[in-house]
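S.K.: Here you go, one structure.
The values are calculated or read from the model by the stated rules, or taken from the named source; none is laboratory data. Just so it is clear, the model here is predicted, and its values are computed rather than measured. For neighbour counting, all protein chains shown are included, and Cβ atoms are generated from backbone atoms with ideal geometry for every residue, glycine included.
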Amino acid sequence: MPIQEDLQAFLAEWHDPSPFLEVQTSGSTGTPKRMRVRKDRMLNSARLTCDYLGLKKGDKALLCMPLRYIAGKMMVVRSLYAGLDLEVCEPSGHPLADWGDTPLRFVAMIPLQVYNTLRVPEERKRLEQTDILIIGGGAIDAALEQEIRQMPNTVYSTYGMTETLSHIALRRLNGPEASPYYHPFPSVTLSLSPDNTLVIDAPLVCDERLVTNDVARLLPDGSFAIIGRKDNIINSGGIKIQIEEVEERLRPYIMGDFAITSVPDEKLGEAVTLLTEVTNVTGSLLPTQPEACCQGNRKPAVKAIGSLLSRELMGCLPKYQRPRFVLKVEAIPKTGSGKIDRAACRELARNIITKTL
């Protein structure tokens, strides 16, 4: 359905008498689900963001994300709350490709949209002329963050989820206020569970305390850093490996989309596995396990670790984090909101291994 039709459908639902509407989770860690949320809670979330960022009536904003997810819906609600002049474009990897010379006051994007935009000089210029950019929906890798640091406008990374009706914390990515830590809105109280996952008390947007699956480090001033997801931990030979940490270490060596996942292993329980769309992984590294090599009549989908990973990884990846298998795939599974679909990655890896070995 075109974005304009989606917008009309959402506005009709927003203005109907019911105090509730339905939203859909992204499904990045499991099956997407539908949730009923209160419209007044969505207005509270909009107020928190607009007040924090100083958005006011007449400010030009751009909706460039799908309206079936909370991020797109909240752009509309913020516009309704603050009286923003909202422009709408079809969601794509290059949302500013057809934008004119009129500067934007406010836009929200996912990391992939920002990355693509910065690759095209005309689009980059338009993004740098945007006063405030918020980035959510996925991790921002170190290389992209370094690029963002050089931008002259105001750029934030957001932390939140469907259950919190978009973000409840912001992290400044550039300028003198740049920080590695997220800072929650004043009405939000945070703590850690016994598993070191983030616990959120946000009474303005959530009826109940929310225990997340995000493993976090919480500072005394209330700011925090996200280490990874509890359900993204691989237990390999009794050693717990955080998927996001391995991906961050590998990112400088792999030009293109990839993901770390796991497959069942008789000896280790779970074996670290790299899914990659490309074969231009630099250098070579002797395989950590001989059986991980492509030998005999084994199909080429299982690549020899020795031919794909750089020797430099000997220094940046501990031995227990090195992938036992490297699987070349046509595309890394993604959710509709652009996040890595972790459940689909596990299923894809297991299917390849089952058919190949």
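S.K.: Has the stretch 120-129 got at least one residue that is buried (at least 22 other Cβ atoms within 10 Å of the Cβ) and either in contact (Cβ under 8 Å) with a residue 60 or more places away in the chain or on the phi > 0 side of the Ramachandran plot (or both)?
M.R.: no
S.K.: For the stretch 64-91, what are the residues that are within 25 Å of the chain's Cα centre (by Cα) and assigned to a helix (DSSP H, G or I)? Steps first, answer last, please.
M.R.: Taking the stretch 64-91 as the starting set, the residues that turn out to be within 25 Å of the chain's Cα centre (by Cα) are 64-79, 86-91.
If the condition is that a residue be within 25 Å of the chain's Cα centre (by Cα) and assigned to a helix (DSSP H, G or I), then 70, 71, 72, 73, 74, 75, 76, 77, 78, 79 are the ones that fit.
S.K.: For residues in the stretch 117-145 being among the hydrophobic types (A, V, I, L, M, F, W, C) and part of a loop (DSSP other than H, G, I, E, B), which is farthest from the chain's Cα centre (by Cα)?
M.R.: Per the stated criteria, the residue is 120.
Table: residues versus (1) among the basic types (Lys, Arg); (2) under 30 Å from residue 232 (Cβ atoms).
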{"position": "47", "(1), (2)": "yes, no"}
{"position": "72", "(1), (2)": "no, yes"}
{"position": "82", "(1), (2)": "no, no"}
{"position": "85", "(1), (2)": "no, no"}
{"position": "100", "(1), (2)": "no, no"}
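S.K.: Kindly establish whether residue 195 is assigned to a loop (DSSP other than H, G, I, E, B) and acidic (Asp, Glu).
M.R.: yes
S.K.: Surrounded by fewer than 16 Cβ atoms within 10 Å (Cβ to Cβ), outside the structural domain of residue 111 (by TED's automatic domain parsing) and free of Cβ contacts under 8 Å to residues at least 60 places away in the same chain: which single residue out of 179, 191 fits that description?
M.R.: 191
S.K.: Another question about this same structure. Can you pull out the residues in the stretch 34-69 that are of a type outside the set (Gly, Ala, Ser) and touching a Gly at 6+ places or on another chain (Cβ under 8 Å)? So that I can check it myself, show each step before the final result.
M.R.: Residues of the stretch 34-69 of a type outside the set (Gly, Ala, Ser): 34-44, 47-53, 55-57, 59-60, 62-69.
Within the stretch 34-69, 56, 57, 63, 65, 66, 68, 69 meet the criteria.
S.K.: Can you run down the residue pairs with Cβ atoms below 9 Å, 6 or more apart or on separate chains, where the first is in the stretch 341-355 and in the same structural domain as residue 262 (by TED's automatic domain parsing) and crowded, with 20+ Cβ neighbours inside 10 Å and the partner is assigned to a helix (DSSP H, G or I) and of a type in the set (Asp, Glu)?
M.R.: Going by the 9 Å Cβ cut-off, the qualifying pairs are 342/231.
S.K.: Related question: I'd like the residue in the stretch 238-249 that is more than 17 Å from the chain's Cα centre (by Cα) and of a type in the set (A, V, I, L, M, F, W, C) and, out of all such residues, is surrounded by the most Cβ atoms within 10 Å (Cβ to Cβ).
M.R.: Here the residue is 241.
S.K.: Further question: Mind listing whichever residues of the stretch 23-47 are at pLDDT 90 or above and among the charged types (D, E, K, R)?
M.R.: Within the stretch 23-47, 36, 38, 39, 40, 41, 47 meet the criteria.
S.K.: When the residues of the stretch 299-345 are filtered to those that are of a type in the set (A, V, I, L, M), assigned to a loop (DSSP other than H, G, I, E, B) and touching a Lys or Arg at 6+ places or on another chain (Cβ under 9 Å), which remaining residue is modelled with the highest pLDDT?
M.R.: Only one residue fits best here, namely 317.
S.K.: Can you tell me which of 61, 12 is of a type in the set (A, V, I, L, M), at pLDDT 95 or above, under 22 Å from residue 170 (Cα atoms) and not in a loop (DSSP other than H, G, I, E, B)?
M.R.: Result of the check over 61, 12: 61.
S.K.: Please work out which one of (1) in contact with a helix residue (DSSP H, G or I) (Cβ under 9 Å, 6 or more places away or on another chain); (2) in a strand (DSSP E or B) is the condition residue 216 fails and give its number.
M.R.: For residue 216, the exception is condition (1).
S.K.: Inside the stretch 104-116, can you point out the residues that are over 17 Å from the mean Cα position of the chain (by Cα) and either in a strand (DSSP E or B) or farther than 14 Å from residue 63 by Cα (or both)?
M.R.: Selection gives 106 alone.
S.K.: Residue under question is residue 49, and the condition is that it be outside any helix (DSSP H, G or I), in the same structural domain as residue 157 (by TED's automatic domain parsing) and of a type in the set (Val, Ile, Thr); does it hold?
M.R.: no
S.K.: Output the number of the condition that residue 47 fails; it satisfies all remaining conditions of (1) closer than 30 Å to residue 214 by Cβ; (2) touching a Cys at 6+ places or on another chain (Cβ under 6 Å).
M.R.: Here residue 47 clears every test but (2).
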